[in-house]
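Novice: Have a look at this one before I ask anything.
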Ligand code: NAD
C-alpha cells in the first residue's frame, strides 16, 4: 500500500505511531504468512470511543477535554491497558498503544486483550482538584465499556496510583459497591498489589540482565543512560544502580544531566522532589536530552515518549543494548540501522511488559480477595518475563530474525490461534 493509500485506509486513526505499529505488525505477519483475513482484522481496533469531558476549572470556567478508549482485541480475554494524560494524546496514538498491548499480553502469556486510553491534557497544568474532576468525568464517560471482566485500565504516562484510586471510586459509586478489580496500579489500601509501582522498571531490569548474560557483558564497569525519570525510569535506575551498573546520565522533560562517575540516585531523587526536575543537579554536567542519547554507555533506556530514536541519531548511538522502556521509541528506519550496527534491541512489548504482568497479578488478587507477599510477586514477575525473554531470544536465534520481529511474531501467533479456534461470529 502506498503512503497516501495507507493514510486513506487509516482515516481518523492516522498517526505516525499507528503507522509505525502497523508497519512492525505487517512485517511480522508477512514472515508468519498470517491468514490475510485475520491480518486485516488485527490491523483495525475492535472498538474505539471518543468522549468529551467538560470540567469546571478552579477559576469557574468550564473547559472541554477530549478523551479516548480504544479496545484493540479481546480474543484472549478482557481488554487491558493504561491511561495516558498528555497534551499530544490522539485517537491514532491511543490505537497504536492498544495494538501494542494486545501483542504484549499475548507474548507474555497473559489472559488479556489489548486496550489503551487517554485524555488530551497537560496534567502538570491542572490543580489536584481539577485532575480529580477530569478523571471522574472521564471514567463516567467510558463507564459503559469498562469493567473487571470487560476492560481494566492502569496507569501510563502522566497518570499514577491516585488517579487509579479516583477511577476505582467513581466506578464503585456507579455500581454501588467497591470494585477493586476495575483498575490496576491503585494504592495498596484499596486492593493494589505490592510491587506494582516498580514492576515496569523491574521487568526492564530483568530483561537487561538476561541480555548482558547472553552477550557475556560483565556487570562491573557497565553503565546506563536513561531518558525519562518517571515511574519506569526511576525504578529501573534504582535497580540497575543497586546491582552495580552505574547510571551515568538521566533526562526528563526539562533537561538532562551526565556524570561519568555515576549519579547519586538518592540525592538526585531528593533534588527532583524539590525542584520537579533533574535539570541543574549539582555536580553533574548539563547536556541536552538529544545529546545524552548519543553518549557512550552499555545500556541506553528510552523511558519517556515515542520516536526518541530516529534515522538522524540511530547512527550515532554508542550503546551496546537498547532497552525500550517507552512504547514505540524507535522508528522503522532507525531499527534497521541499529541492527546493522549490532546494537541489541530489547523491544518495547517485551522490555516494558513488567507493568502489565504485575497488573495481571493485581487483578487476580482482587478477584480472589487474597493478597500475595512482595517476594512472591517479584519472583513470579521474574519468572514470567524471563521465560518470555528466552522464547523471543531463541526464536530470534533459530529463525535469524531481530528481537523485535521475533517478539512481534510470538505475540501475533498466540492471538491468531485464539481467533482461529474461536471462529468468526456470527
Ligand atoms: P511518567 O509520566 O511517570 O514519566 C515520564 C518521564 O518522561 C518524566 O520524567 C518526564 O519528565 C519525561 N519526559 C517527557 N518528555 C521528555 C523528553 N522529551 N525528554 C526526556 N524526558 C522526557 O511515565 P511512565 O509511566 O514512566 O511512562 C514512560 C514510558 O513508559 C511511556 O512511553 C509509557 O507508555 C511506557 N510504559 C509505562 C508503563 C508503566 O507501568 N508506567 C508500562 C509500560 C510502558
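No lab work stands behind these numbers, since they all come straight from the coordinates. Remember, predicted model here, so these are calculated numbers, not experimental data. Counting neighbours? That spans all protein chains shown, and the Cβs are built from the backbone with ideal geometry, glycine included.
Novice: Taking a ≥ b ≥ c as the square roots of the Cα gyration tensor eigenvalues, with a/c under 1.5 meaning rounded and otherwise prolate when a/b beats b/c, else oblate, which class fits segment 341-383?
Specialist: Prolate is the answer for segment 341-383, as a/c is 1.5 or above and a/b outweighs b/c.
Novice: Antiparallel as a % of all DSSP beta bridges within segment 3-178, to the nearest 5?
Specialist: Rounded to the nearest five, the antiparallel share is 60 percent.
Novice: To continue, here is another question. Tell me, what is the percent relative contact order of segment 3-178, built from C-alpha pairs under 8 Å that lie six or more residues apart?
Specialist: It comes to 23 percent, rounded to a whole number.
Novice: Moving on to the next point. Test of understanding: ordering 193, 52 by Cβ neighbours within 10 Å, fewest first, what list do you get?
Specialist: With the sparsest Cβ surroundings first, the list reads 52, 193.
Novice: Related question: Please report, in Å, the Rg and the Dmax of segment 124-276, where both are computed over Cα atoms only.
Specialist: Rg and Dmax of segment 124-276, Cα atoms, are 18.7, 56 Å.
Novice: Rounded to whole Å and sorted largest first, what semi-axes of the equivalent ellipsoid does the C-alpha gyration tensor of the chain yield via the square root of 5 times each eigenvalue? Could the numbers behind the result be given before it?
Specialist: On the way: eigenvalues 182, 150, 94 Å².
Ellipsoid half-lengths, sorted descending, are 30, 27, 22 Å.
Novice: Can I ask one more? Kirkwood Rh, segment 10-50, all Cα pairs: how many Å?
Specialist: Averaging 1/r across every pair of different Cα atoms and inverting gives 11.0 Å.
Novice: For segment 199-351, how big is Rg over Rh, using alpha carbon atoms and the Kirkwood form of Rh? Spell out each step's value before the answer.
Specialist: Working: Rg = 14.0 Å, Rh = 15.0 Å.
On the Cα set of segment 199-351, Rg over Rh gives 0.93.
Novice: Across the Cα atoms of segment 49-107, what radius of gyration and what greatest pairwise Cα-Cα distance (Dmax) are found, in Å?
Specialist: 14.4, 47
Novice: Any chance you could check the Cα centroid distance between segment 351-415 and segment 92-171 for me, in angstrom?
Specialist: Using only Cα atoms, the two centres lie 21 Å from each other.
Novice: Right, another one. Express the relative contact order of the chain as a whole percentage, based on alpha carbon pairs under 8 Å and six or more residues apart in sequence.
Specialist: Over the chain, the number comes to 16 percent.
Novice: Under the rule of -39500 (n - 2.57) per DSSP H run of 4 or more residues, summed and divided by the residues of the chain, what mean residue ellipticity at 222 nm is obtained, to the nearest 500 deg cm²/dmol?
Specialist: So the helix-based figure for the chain works out to -15000 deg cm²/dmol.
Novice: Report the Stokes-Einstein translational diffusion coefficient (µm² s⁻¹, integer) for segment 18-125, Rh taken as the Kirkwood radius over Cα pairs, at 20 °C with viscosity 1.002 mPa s. Before the final figure, lay out the partial values.
Specialist: Details: Rh = 14.9 Å.
Taking Rh from Cα pairs, D becomes 144 µm²/s.
Novice: So in the chain, what percent of DSSP beta bridges are antiparallel if you round to the nearest 5?
Specialist: Among the beta bridges of the chain, antiparallel pairing accounts for roughly 50 percent.
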